[in-house]
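Everything on this sheet refers to the single structure shown next.
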């Protein structure tokens, strides 16, 4: 699958489309996204989706993109398939999807399947590339304006990072009390400037709502590599807002995602400090300590726990502890004990 970003459309390209694209032609009847798109051909976040009722793809989706400034193509990158989650009061999503990946300012994308035997194949016609332009948002004050206090850390609001509230669908859902704080990473590139973080969040928000069909962005909080904290899902940062971050354990937990990928990359000290302060404050609001433990019950079967099964975890824990995933990456996972016990104000 190969695609330049056509204005106003998002396309699915099987092998025939690759040939047509190379010839400068379009594929009749290609899938189009009814959402209005920007007036240029740029995008900064990409994923792959396919009909939810059509079964799994026969291989691992891979993408590469072309840098809009240099014209150079990136290496192929495998995408993780994310769990299908149905939001309270919302219909089941009609498409399954990979995790999105931030690629920076790009103007063309290609996708393929990596088969189990090591060979590759075009994406089937039922699949499509999802190309997201985060659009422009308000300027976020420079980092010194976000120094933390002794109690609540400074949190950049949805308005400040440019959330388009028309993308949300329905009011927030609430649990009774936030009993655990779950650490994630977004599996994006670490090669972003911190001034780009709001754009990355807007792109993830659009993908979660428009591609995944969720009511809002899945995470309760996000943290960039400079240690700045952002409000995620709407509903109040001190309230037990139910997110879409850990299938089976979304209710009565708070999910915080670090923007970047930390499977092999070292975790910046600003990130560990921010997570320590944020988790201490957020669990403290609910009357708990980061170093305590909680017994959680799975609300849905998720491949690691059956619905109704219980498990006891530290109140500051990681995504992989509750769901079969590598998230938040080996390096960040190794830091969770440190984050749990760090002395912060």
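Just so you know, all these numbers are worked out from the coordinates, no wet-lab data involved. As the structure is a computational prediction, the values presented were derived from the model and not from experiment. No Cβ is skipped: glycine too gets one built from the backbone with ideal geometry, and neighbour counts run over all protein chains shown.
So here's what we get for this one:
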| quantity | calculated |
| --- | --- |
| Which of 307, 280, 300 has the fewest Cβ neighbours within 10 Å, and the rest in rising order | 307, 300, 280 |
| Anisotropy class of the range 143-341 from Cα gyration tensor, a/c 1.5 cut | rounded |
| All Cα pairs of the range 160-224, percent lying beyond 17 Å | 48 percent |
| At R0 = 25 Å, FRET efficiency that the Cβ-Cβ distance of residue 41 and residue 76 yields, to 0.05 | 0.70 |
| Extension gain (nm, one decimal) between residue 191 and residue 341, 0.36 nm per residue minus Cα-Cα | 51.1 nm |
| Three-way shape label, the range 60-102, alpha-carbon gyration tensor, a/c 1.5 | prolate |
| Cα-projected label distance for residue 270 with residue 309, points at 7 Å along beta-carbon direction, nm | 4.0 nm |
| Protection proxy ranking of 196-204, 73-81 - average other beta-carbon atoms within 10 Å, highest first | 196-204, 73-81 |
| Directionally averaged projected area (convex hull, Cα atoms, the range 195-243), nm² | 3.5 nm² |
| Highest-first arrangement of 216-225, 41-50, 328-337, where packing means the average Cβ count within 10 Å | 216-225, 41-50, 328-337 |
| Cα shape, the range 235-345, gyration tensor, a/c 1.5 rule | oblate |
| Per-pair calculated FRET efficiency, R0 = 35 Å: residue 115 and residue 154 via Cβ, rounded to 0.05 | 0.15 |
| Simple spin-label estimate for residue 300 and residue 174 in nanometres, 7 Å along Cα-Cβ | 2.3 nm |
| Added length on full extension, which subtracts the Cα-Cα distance from 0.36 nm per residue, residue 166 to residue 226 | 18.7 nm |
